[in-house]
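S.K.: Following this message is one structure expressed as structure tokens.
The values are calculated or read from the model by the stated rules, or taken from the named source; none is laboratory data. Remember, predicted model here, so these are calculated numbers, not experimental data. Don't worry about glycine lacking a Cβ; one is built from the backbone with ideal geometry, like all the others, and counts go over all protein chains shown. Ligands, DNA and RNA are excluded from the accessible area calculation, which covers all protein heavy atoms including side chains. Shrake-Rupley method; radii C 1.70, N 1.55, O 1.52, S 1.80 Å.
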Amino acid sequence: MSDPPKKTFVITRFDPDVDEVPKTQSYEIAVDPDWKVLDAVNYIKDEVDGTLSHRWSCRMAVCGSCGMMVNGEPRLTCKDSVSQYGDTVEITPLSNFPVIRDLVVEMDGFMDKFKKVKPWIIRAKELAAEDGPVRQSPEELEEFKQFSMCINCMLCYSACPVVSNEPEFLGPAAIALGHRYNVDSRDEGASERNAIFRGEGTVFSCSFANECSEVCPKNVDPAAAVNQAKFNAVIDWATGLVLPSGEKE
Amino acid sequence: MEIEVLRHDIVIVGGGGAGLRAAIAVAEADPSVSIGMVSKVYPMRSHTVSAEGGAAAVARDDDDFEMHGYDTVKGSDFLGDQDVIQYFVQEAPKELALLEHWGCPWSRNEDGTVATRAFGGMSTKRTWFATDKVGFHMLHALFQHSMRFDQIVRYDEQFVTKLLVDGNTIRGVAALDIREGVMRLVLGRAVVLATGGGGKAFPFTTNGNIKTGDGMALAYRAGVALKDMEFVQYHPTGLPGTGILITEAARGEGGYLRNADGERFLVERDYGVGTKAELGPRDMISRAIIQEIEAGRAVTQGDWGEHVYLDLTHLGEEKIQSRIPMVRELSKLYVGVDPVHDPIPIRPVVHYMMGGIDTDIEGGTSIDGLYAAGECASVSLNGANRLGSNSLTECLVFGARSGRKALEFARGASEGDESSLRSEGANEAGRVDALRAKTSGTEKISGLRRALNDTMESGCGVYREEVQIQASVDTVQEIKRRFEDVEIQDHSKVFNTELISVLELSNMIDISEALTSCAVVRKESRGAHTRRDFPNRDDQNFLHHSLCHFDSTGPKVSTKPVTLGKWEPEERKY
């Protein structure tokens, strides 16, 4: 057997207690061709340099922890095969987020944006457990299913040109989440969320770049959600002029 | 230095299925109560997210509580507590209905009712599902619903290092803020542990990196017994190499297990599963696969080792895509197999711990005001073998109950003496700071972890026997000694993940101590604990729970009666 191929990983390092600005560090390691990029980072952490910090957990593309920039593109590293890259692989923290340490970014702002869209079922009358499940047809489920698949990996925020210029922009994942509830047949809160969407820094800030949908590792298509949300927010406003309560039909 | 103190009425440790459900239960019961939720990860990263196949609750006309109860008792190999099981099956449909009200996108029948699928050891279709991403959807629905409640104050990425116990009453926790690198006290009049299991003590597991038995170890060190730790569930179908889970729903939807010769060995040979075949319980099917491997009827392929196949090719693309799309996604991504066309290589993999923190039916522990729910707890729903799809429901039923019980306790409880808690907290902060500053160690973290993983697999695998289990007991103690000399390279404060790894390793060593100690004294085969040297179940001597207490001189194992009821123990055959 020939020796396993070697690759050099050039990784951003930053410890705010020591470094004024981020620096890079190179690690040359033998890679298993079956590895994902995350496996290489974990190998470096475990066997080469214990001071490297990154987030990860499920290693099966569902917990959303391990997003990083790989050769300048936002990638979910547990899903991203190492063998597709050349001899040198550059790994940096997700763009458009403040960096806490090494590959770990600050995500409190991202979490706050989620809460802004009221991501829960709103009903005029609350149901009790004894009422049992509400009926929903497979077609009604299909209306929002795709938009409920977001794993909150934040890649779309790294890719979004609007987020990079306007950090307060609500952003693709949060808008898609609000839209997901708006088009859920069990929800009655669309008028509240549409009012939010008509505010500043939300759906009308989107520049149609479509980058968010291109990088999404779960095919959520947030760009489609933003477009639909934009349309619905306008319709809702126009309807509100006629029907003051803005109620759902 | 003064340690910062935060106060809430109730402190919940862990933000997965059980922790979020507990928090919501408290918030709904009394809006004036303040809840601190401390989690080492942001809640949507919790391992509940990786659960796939479904959540069990009676839903159809051809089903009833009696059937779900009996299936669970039999699945547990009669080690489940029957009062707990009866309560569980009655609450289950209500809890899953609530998840529906909170937005969980359950898959539907044409008439709009919730669809159910078949699962191992269940006598009818009672597993609710949202394709095959059920844990993901449940976790996100719970987390998003929890955002309604401003009184749930989250402390994300904060790692609890110690329970603060005064006499025999809980007073709160000491936690390391991972981002800042500082220790704080989060005090409360009741504490709920909901930290999940500890599958990462094993080398080959479906579990994510965060599953390190933290809450179990915290409770164990505080004097609470761990119960039934010897019962470790091996899921029959993990992907070779990574251990990534391929859901039982794949068999629920009609998938077959085949050996190297293409035989459906569960049908060809008597493995105790009868006509259930691929829908037998997990313990039996995992044993069957190991026997096929040992008989030379497995496939050996490179780094993957020996494995058999899960064949879905007869189901057709449409069914696979609509019912189990994640199975296809994971197979393509992690073993390069499209199950529409080719069988998936699989082998048994450590998946779930039936054992955990010893609790009563309300989640209460031997420490006043301390509760536990979900995989970290052993409320004795699952006994010696859990049925697939009971555990997501367990998180809801017992998360809610322990939350409500914690609230009831907190209302009548006093607050501890803050000055003594501060001094205890300062000591704990000193311990963690000293660990981070340590420059003398020579034992690599990854080396110790590997040694622990290896001995847990060799001593506490699908099949076990005295000599190997005893070797594991001894090796765990040796690793515990070696751990004193652990090497820390990272001495910095901000987001020091190496320090977290060391604390997690220490937790895994402690729960492994309890696990091996219980396994060596249970000289019978029951559920997932299968002894080659004692191949039969022995109700005369072992129809009891195992308890393991921490002691500075070494673990102390004792027993606790099983709560029987209407179902008398009988031979477990399907």
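S.K.: Conditions first: (1) open to solvent by 30 Å² or more (accessible area, probe 1.4 Å); (2) in a loop (DSSP other than H, G, I, E, B). B:A384 passes all but one, so which condition is the exception?
M.R.: The number of the failed condition is (1).
S.K.: Could you please find all residues in segment B:110-125 being at negative phi and either of a type in the set (V, I, T) or free of Cβ contacts under 8 Å to residues at least 24 places away in the same chain (or both)?
M.R.: B:E110, B:D111, B:T113, B:V114, B:A115, B:T116, B:T124
S.K.: Would it be correct to say that B:A410 is under 22 Å from B:L370 (Cβ atoms), aliphatic (A, V, I, L, M), within 31 Å of the chain's Cα centre (by Cα) and not in a loop (DSSP other than H, G, I, E, B)?
M.R.: Against the criterion (under 22 Å from B:L370 (Cβ atoms), aliphatic (A, V, I, L, M), within 31 Å of the chain's Cα centre (by Cα) and not in a loop (DSSP other than H, G, I, E, B)), B:A410 qualifies.
S.K.: If you take the residues in segment B:480-502 that are away from chain A (no Cβ under 14 Å) and in contact with a strand residue (DSSP E or B) (Cβ under 9 Å, 6 or more places away or on another chain), which one is least open to solvent (accessible area, probe 1.4 Å)?
M.R.: Going through the qualifying residues, I end up with B:F483.
S.K.: Taking B:M183 as meeting all but one of (1) within 30 Å of B:D342 (Cβ to Cβ); (2) open to solvent by 10 Å² or more (accessible area, probe 1.4 Å), write down the number of the exception.
M.R.: Failing condition for B:M183: (1).
S.K.: Can you tell which of B:F495, B:F483 is on the phi > 0 side of the Ramachandran plot and not assigned by TED's automatic domain parsing to the domain that holds B:G199?
M.R.: The match here is B:F495.
S.K.: Further question: Filter segment A:134-155 for residues that are more than 7 Å from chain B (Cβ to nearest Cβ) and touching a residue at least 60 places away in the same chain (Cβ under 8 Å) and give the result.
M.R.: A:Q146, A:F147, A:M149, A:C150, A:I151, A:C153, A:M154, A:L155
S.K.: Now, a different point. Of the conditions (1) in contact with a strand residue (DSSP E or B) (Cβ under 6 Å, 6 or more places away or on another chain); (2) in a helix (DSSP H, G or I); (3) within 19 Å of B:T127 (Cα to Cα), B:V397 clears all except one; give me its number.
M.R.: (1)
S.K.: Still on this structure, I have one more. What residue, among those in segment A:29-71 that are of a type in the set (A, V, I, L, M) and closer than 28 Å to B:G17 by Cα, is surrounded by the most Cβ atoms within 10 Å (Cβ to Cβ)?
M.R.: So the first thing to find is which residues in segment A:29-71 are of a type in the set (A, V, I, L, M), and the list is A:29-31, A:37-38, A:40-41, A:44, A:48, A:52, A:60-62, A:68-70.
Filter once more, keeping what is closer than 28 Å to B:G17 by Cα: A:38, A:60-62, A:68.
Details: A:L38: 21, A:M60: 23, A:A61: 23, A:V62: 31, A:M68: 27.
Looking at residues that are of a type in the set (A, V, I, L, M) and closer than 28 Å to B:G17 by Cα, I get A:V62.
S.K.: Tell me yes or no: at least one residue of segment B:134-144 is part of a loop (DSSP other than H, G, I, E, B) and either under 21 Å from the mean Cα position of the chain (by Cα) or farther than 17 Å from B:S391 by Cβ (or both).
M.R.: No - not one qualifying residue is present in segment B:134-144.
S.K.: Out of all the residues in segment B:76-96, is one or more of a type in the set (D, E, K, R), open to solvent by 10 Å² or more (accessible area, probe 1.4 Å), without any contact (Cβ under 8 Å) to a residue 40 or more places away in the chain and at the interface with chain A (Cβ under 10 Å from one of its Cβ atoms)?
M.R.: Yes, segment B:76-96 has at least one match.
To keep it simple, each residue is scored yes or no on (1) among the aliphatic types (A, V, I, L, M); (2) open to solvent by less than 10 Å² (accessible area, probe 1.4 Å); (3) not assigned by TED's automatic domain parsing to the domain that holds B:G403.
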position: B:L187; (1), (2), (3): yes, yes, no
position: B:V191; (1), (2), (3): yes, yes, no
position: B:G208; (1), (2), (3): no, yes, no
position: B:T212; (1), (2), (3): no, yes, no
position: B:M216; (1), (2), (3): yes, yes, no
position: B:Y220; (1), (2), (3): no, yes, no
position: B:G223; (1), (2), (3): no, no, no
position: B:T242; (1), (2), (3): no, no, yes
position: B:G252; (1), (2), (3): no, no, yes
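S.K.: Go through (1) open to solvent by less than 20 Å² (accessible area, probe 1.4 Å); (2) within 24 Å of B:S446 (Cβ to Cβ); (3) in a strand (DSSP E or B) one by one and return the number of the condition A:S26 breaks.
M.R.: Evaluating A:S26 over (1) open to solvent by less than 20 Å² (accessible area, probe 1.4 Å); (2) within 24 Å of B:S446 (Cβ to Cβ); (3) in a strand (DSSP E or B) leaves (1) as the failure.
S.K.: Please enumerate the residues belonging to segment B:322-343 that are within 14 Å of chain A (Cβ to nearest Cβ) and either loosely packed, with under 15 Cβ neighbours inside 10 Å or touching a Ser or Thr at 6+ places or on another chain (Cβ under 8 Å) (or both). Please lay out each step first, then the result.
M.R.: So in segment B:322-343, the residues within 14 Å of chain A (Cβ to nearest Cβ) come out as B:322-323, B:325-337.
Scanning segment B:322-343 gives B:S322, B:R323, B:P325, B:M326, B:V327, B:K332, B:Y334, B:G336, B:V337.
S.K.: Provide a single number: the residues in segment A:156-189 that are crowded, with 21+ Cβ neighbours inside 10 Å and either more than 14 Å from chain B (Cβ to nearest Cβ) or modelled with pLDDT under 95 (or both).
M.R.: Residues in segment A:156-189 being crowded, with 21+ Cβ neighbours inside 10 Å and either more than 14 Å from chain B (Cβ to nearest Cβ) or modelled with pLDDT under 95 (or both): 12 in total.
S.K.: Which residue pairs have Cβ atoms closer than 7 Å, lie 6 or more positions apart in sequence or on different chains, and pair a first residue in segment A:100-117 that is touching a residue at least 12 places away in the same chain (Cβ under 8 Å) and within 10 Å of another protein chain (Cβ to nearest Cβ) with a second residue that is open to solvent by 40 Å² or more (accessible area, probe 1.4 Å) and basic (K, R)?
M.R.: A:I100/B:R179
S.K.: Moving on. With respect to B:T300, is the statement that it is surrounded by fewer than 19 Cβ atoms within 10 Å (Cβ to Cβ), away from chain A (no Cβ under 14 Å), in contact with an Asp or Glu (Cβ under 6 Å, 6 or more places away or on another chain) and not aromatic (F, W, Y) true?
M.R.: yes
S.K.: Looking at segment B:65-91, which of its residues are part of a helix (DSSP H, G or I) and closer than 17 Å to B:S378 by Cα?
M.R.: Passing the criteria: B:T72, B:V73, B:G75, B:Q82, B:D83, B:V84, B:I85, B:Q86, B:Y87, B:F88, B:V89.
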